[in-house]
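What follows is a short report on a single structure.
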Amino acid sequence: MTKNKYYHIITYGCQMNEHDSEKLAGMLENIGYNNTNKLENADIVLLNTCTIRENAELKVFGKLGQLKEYKRKNPDLIIGIGGCMMQLEEPVEEIYKKYRHVDLIFGTHNIHQVPELIKKIEKNRERVVEVWDQEEGLIPDLPSQRESEHSAWISIIQGCDNFCTYCIVPYVRGRERSRPLEAIIKEAEKLAAEGVKEVTLLGQNVNSYGNDLAEEIDFPLLLEELNKVDSLARIRFMTSHPRDFSEKLLLAIKNLEKVAKHIHLPIQSGSNKILKEMNRGYSREYYIDTVKEIQNKMPEAAISTDFIVGFPGESDEDFEQTLKLVKELRFDMAYTFIYSPRSGTPAAKREDQIAEEVKKERLNKLMDIQNRISYQKNQKLIGKIQKILVTGPSNRDENVYEGRTGTNKICFINKRPDLIGKIVKVKIDSAKSWTLQGTVVE
Ligand code: 5AD
Ligand code: SF4
């Protein structure tokens with residue numbers, strides 16, 4: 001009898017990476033490997049890396065250091081590393097030269113090759129580096145080993161053409177490529193048939209969906225078509241670029257009953273000077289008008305955003321503009337980041353970088369204000385009914401179950417295994433800045 005072989009995948013970064021990791025898992029299962037949660041039991045370890053901020057890279061190097069010990073104990077262990085960081089020359093060179101226990105380096109454009117590259121390593125026991133600059137030829141649809149039975153990701157557009165001056169994404173994920181509408185619908189139908197209730201459409205900028213396709217297809221039309229897929233209950237999407245957020249899209253979200261009323265609309269800064277230098281393509285006033293329009297037409301919708309503090313040249317007044325905007329627009333949620341210079345991007349070359357202490361101070365100030373607003377907004381939900389998709393036990397306590405509202409808020413309920421995968425009505429009993437607590441009423 002042949003011994004069972006196990007894989008362990010460690011994922012860093014965004015949902016796009018988590019989705020790619022599910023595909024890596026699917027491909028490894030196809031060549032006879034099983035998943036293990038325990039690194040020490042693995043025959044293959046894959047790291048799927050992120051390079052959006054320096055912190056993400058530091059974590060990867062830390063993990064690679066740890067893996068050396070595992071390789072020493074088990075010389076047959078295959079260690080592979082892929083993802084966004086591997087699309088950059090510098091880290092690839094460093095890993096190849098200094099981390100000799102790494103067997104495989106692959107990129108974001110050729111994950112479909114991973115099974116054959118692993119077989120090559122199994123056979124020849126040689127180190128393999130295979131990173132493509134861009135996708136070549138027709139990339140096959142890949143099998144996927146999903147984390148959740150009831151929720152699934154669907155990638156609708158890859159890459160980004162925006163070149164915000166701080167951002168590394170266009171360099172590591174390439175130009176915008178929309179998937180054909182039929183392929184997306186087919187995938188959604190297949191997922192629905194397998195019991196998936198909720199899909200999340202992924203793209204760096206979902207609003208540009210279809211711009212590069214020959215047919216007259218856009219994102220609102222895609223939502224309309226997906227809304228028709230029987231037995232799908234909820235359609236989420238992220239991320240929207242404010243510049244491309246149209247009236248037509250707002251109406252589609254409002255009118256299509258399966259589309260979740262949550263819009264993630266990263267603003268990055270409240271200062272016109274900084275927005276211009278970031279190359280965001282919109283002004284503070286335009287953004288405020290867009291959000292107010294959403295709040296007017298769809299008062300039940302939740303709006304979340306991203307901020308970067310400490311972009312080069314950000315003055316106290318610029319930062320004040322950000323604080324003022326946060327107080328005025330009252331987001332449901334905001335992800336706040338300290339600007340991290342990424343080598344190769346225009347902003348990293350600037351000489352007017354902001355001191356670390358100033359960045360941290362600004363981050364804390366912004367987080368304090370936003371947390372208070374999130375808390376107040378969630379408090380208003382107490383006593384109200386929300387619909388949640390129950391996903392199962394929470395990470396912290398297996399006697400507490402959790403689910404998400406259509407507005408993307410996490411809600412805890414008492415243990416109810418019978419409700420996993422169901423959308424149920426919950427009366428909200430209490431609320432914090434990031435989570436709700438409720439009682440199932442139906
Ligand atoms: N430094 C800090 N935050 C960044 N983001 C993108 N690039 C950087 C960077 N260099 C943030 C943006 C984006 C989110 C995904 O990550 O806010 O919306
Ligand atoms: Fe990066 Fe800007 Fe593209 Fe978002 S829109 S991925 S921030 S370049």
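Only the coordinates and a few stated rules stand behind these numbers; no lab work does. Not measured: the values here are computed from a predicted model. Glycine gets a Cβ as well: all are built from the backbone with ideal geometry, and neighbour counts include every protein chain shown.
For this structure, a couple of remarks:
- DSSP bridge orientation in the chain - percent antiparallel, rounded to nearest 5: 35
- Label positions at Arg243 and Asn395, each projected 7 Å from the Cα along the C-beta direction, are separated by 3.4 nm.
- Note on the stretch 148-210: dipole from Cβ charges, positive end direction compared against Val196, Cys164, Ser178; the farthest Cα belongs to Cys164.
- FRET efficiency, 1/(1 + (r/R0)^6) with R0 35 Å, evaluated for Arg416 and Glu40 via beta carbons: 0.55
- Between Asp141 and Gln66, the C-beta separation translates, for a Förster distance of 35 Å, into a calculated FRET efficiency of about 0.55.
- Only one residue of Leu251, Ile217, His262 has its Cα farthest out toward the positive end of the dipole of the chain, where Lys and Arg carry +1 and Asp and Glu -1 on Cβ, and that residue is His262.
- Mean residue ellipticity (222 nm) of the chain, computed from DSSP H runs ≥ 4 via -39,500 (n - 2.57), nearest 500: -10500 deg cm²/dmol
- Legend: P(r) of the chain from all alpha carbon pair distances, 10 Å bins from 0, whole percents, reading 4, 19, 28, 28, 17, 3, 0, 0.
- Flagged links, alpha-carbon separation over 32 Å, of Lys273/Lys377; Lys5/Lys415; Lys197/Lys360; Lys248/Lys349; Lys261/Lys324: Lys5/Lys415; Lys197/Lys360; Lys248/Lys349
- Unpaired cysteine residues in the chain (no second Cys Cβ under 4.7 Å): Cys14, Cys50, Cys84, Cys160, Cys411.
- Under the membrane-span-like helix rule (DSSP H runs whose alpha carbons stretch at least 24 Å along the helix axis, mean Kyte-Doolittle hydropathy 0.5 or higher), the chain yields none.
- The C-alpha atoms of the stretch 385-440 occupy a region whose extents along the principal axes are 24, 22, 17 Å, arranged from largest to smallest.
- Using only side-chain charges placed at the Cβ, +1 for Lys and Arg and -1 for Asp and Glu, the dipole size of the chain relative to its Cα centre rounds to 1360 debye.
- Springs join every pair of Cα atoms under 10 Å in this Gaussian network model of the chain, and among Thr36, Thr200, Thr108 the largest mean-square fluctuation is at Thr36.
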